[in-house]
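Asks: The structure's right below; bear with me while I get my questions together.
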Amino acid sequence: MSINKIVKLFGIKYPIIQAGMIWCSGWELASAVSNSGALGIIGSGSMYPEVLKKHIRKCKKATNNPFAVNLPLLYPNAKEHIETIIKEGVPIVFTSAGNPNTWTKELKSHNIKVVHVVSSVKFALKAESCGVDAVVAEGFEAGGHNGREETTTLCLIPDVANKVNIPLIAAGGIVDGKSMLAAMLLGADAVQMGTRFVACKESSAHENFKKMVVEAKEGDTKLTLKELTPVRLLNNEFYQELVDLYKQHPTKDILMNKLGRGRAKLGMFEGDLINGELEIGQASSQLNNIFSASEIIEQVLNEFSSYKNQINNDKKFIF
Ligand SMILES: Cc1cc2nc3c(=O)[nH]c(=O)nc-3n(C[C@H](O)[C@H](O)[C@H](O)COP(=O)(O)O)c2cc1C
């Protein structure tokens, strides 16, 4: 019988969560992950309400296992998304980028489990006080939008684990069984992986983007646009244009103008590697191949178990 808190909370088999990601995690990825015993998440931040409805319905048809929807709370259609989530009977919601006070009670009154993504102890405590069921603490290594505190996963997880009483999911830089084990040793009950699942057969990311992700080397991701919302992305021509623009001490408006609308879609979904915004985490440097969701989960679990079992006999731990 499983006693892992996250496995129990969600009714899943393994404490592995595939992150909700704009332009990458639709129903194909979420259902494939859920069918493999982990938790798949539909990333609703890039979907119109009608599109989200279709993805939820297809996901429900494709899996009988629990799945979730990720909702960035600053998203303009957040209210309509919440209505869709409730009407369609989605069992779990991961909220991010906004105030957890706004929708947690409403969602919980419909028996929906709510998890909020945070980047600091302060926000973790706030989310806990709003009644969420668990928090994802996401470190600075992570792909996509990042916390202003710039705290790494290695430092954030023990701090949050020491302060909150609700289950804790670690995110940022976790791509395999070793990093999963490390995050759990630091105090997490489960892990959320984004970057690893971008480079996945069922991810809706463009093949050009997936290829660039698995070819990325150490140092190829950059954090930028701190004046807007800090974002970690691949160093491409668009990023270099930002570097040039920063030399002119741009205002927020100029930066917003440069980013424009649709750059993330252009890069990650349509495959324009020159002009697109290519969000990905530092741990992309450790990826070499594109696997299916079930292969990823199997590899992570096998590696997790073998490291856990080896640890006592590993010579480097004997001194
Ligand atoms: C391409 C991409 C898109 C993302 N989109 C979202 C999003 O829509 N909502 C959100 O809460 N987090 C988003 N994230 C962050 C992930 O949910 C996750 O927390 C993060 O990827 C974990 O770090 P890792 O990339 O090192 O695995 C995104 C990450 C990536 C790489």
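Please treat every number below as a calculation from the coordinates, not as lab data. Fair warning: this is a prediction, and the values are worked out from it, not measured in the lab. Because the Cβ atoms are built from the backbone with ideal geometry, glycine has one as well, and the counts that use them run over all protein chains shown.
Asks: May I ask you to evaluate 6.51 cos²θ - 1.76 cosθ + 1.60, the Karplus curve with θ = phi - 60°, for each residue of the stretch 205-210 and list the ³J(HN,Hα) values in order in whole Hz, giving x for glycine and proline?
Replies: Karplus values, whole Hz, x for Gly and Pro: 4, 5, 4, 4, 5, 4.
Asks: Kindly write out, for the stretch 122-136 in residue order, the coupling ³J(HN,Hα) from the Karplus curve 6.51 cos²θ - 1.76 cosθ + 1.60 (θ = phi - 60°), rounded to whole Hz, with x marking Gly and Pro.
Replies: 4, 6, 5, 5, 5, 4, 4, 5, 7, x, 5, 7, 6, 10, 9
Asks: Now for a different question. Can you put Cys155, Cys200, Cys130 in order of Cβ neighbours within 10 angstrom, beginning with the fewest?
Replies: By the 10 Å Cβ count, ascending, the order reads Cys155, Cys130, Cys200.
Asks: Kindly state, to the nearest 0.05, the FRET efficiency for Lys58 paired with Lys211, given R0 = 22 Å and r defined as their beta-carbon distance.
Replies: The formula returns an efficiency of 0.25 here.
Asks: Please report how far the C-alpha centroid of the stretch 42-85 lies from that of the stretch 243-274, rounded to the nearest whole angstrom.
Replies: The distance from the Cα centre of the stretch 42-85 to that of the stretch 243-274 comes to 26 Å.
Asks: Take the chain, connect every pair of alpha-carbon atoms lying under 10 Å apart with a spring to form a Gaussian network, then pick out the residue of Ala78, Ala183, Ala124 with the largest mean-square fluctuation.
Replies: Maximum among the listed residues: Ala78.
Asks: Okay, moving on. If I model the stretch 258-319 as equal point scatterers sitting on the Cα atoms and use the Debye formula, what is log10 I(q)/I(0) at q = 0.22 Å⁻¹?
Replies: The calculated log intensity ratios at q = 0.22 Å⁻¹ are -0.98.
Asks: Continuing with the same structure: As a test of the definition: which semi-axes, in Å, follow for the stretch 1-126 when you take the square root of five times each eigenvalue of its alpha carbon gyration tensor? Largest first, please.
Replies: Working through the eigenvalues yields semi-axes of 20, 19, 13 Å.
Asks: Using Cβ counts within 10 Å as a stand-in for footprinting exposure, how do Phe269, Phe197, Phe319 rank, fewest first?
Replies: Phe319, Phe269, Phe197
Asks: Hey, what D do you get for the chain in µm²/s if you plug the Kirkwood alpha-carbon radius into Stokes-Einstein at 20 °C and 1.002 mPa s?
Replies: Once the numbers are plugged in, D ends up at 109 µm²/s.
Asks: In the neighborhood of Ser119, defined by Cβ-to-Cβ distances under 10 Å, what is the net charge if each Lys or Arg adds +1 and each Asp or Glu adds -1?
Replies: -1
Asks: Ordered by residue, what ³J(HN,Hα) values in Hz, to whole numbers, does the stretch 292-308 give under the Karplus form 6.51 cos²θ - 1.76 cosθ + 1.60, where θ = phi - 60° and Gly and Pro are x?
Replies: Residue by residue, the stretch 292-308 yields 7, 4, 5, 5, 4, 5, 4, 4, 4, 5, 5, 5, 4, 5, 5, 5, 4 Hz.
Asks: Also, I was wondering about something else. For each pair in Lys60/Lys178; Lys5/Lys308; Lys54/Lys108; Lys211/Lys308, compute the distance between the two Cα atoms and list the pairs where it is over 25 Å.
Replies: Lys60/Lys178; Lys211/Lys308
Asks: Take the alpha carbon atoms of the stretch 10-37, find their center, do the same for the stretch 146-199, and report the distance between the two centers in whole angstrom.
Replies: If we compute the Cα centre of each part, the gap is 17 Å.
Asks: Could you list which residues have their amide H under 5 Å from that of Glu141, counting only those 5 or more apart in sequence or on another chain, with H placed in the peptide plane?
Replies: Thr153
Asks: Which order do Ile169, Ile22, Ile254 fall in if you start with the one that has the fewest other Cβ atoms within 10 Å?
Replies: Fewest to most other Cβ atoms nearby, the residues stand as Ile254, Ile22, Ile169.
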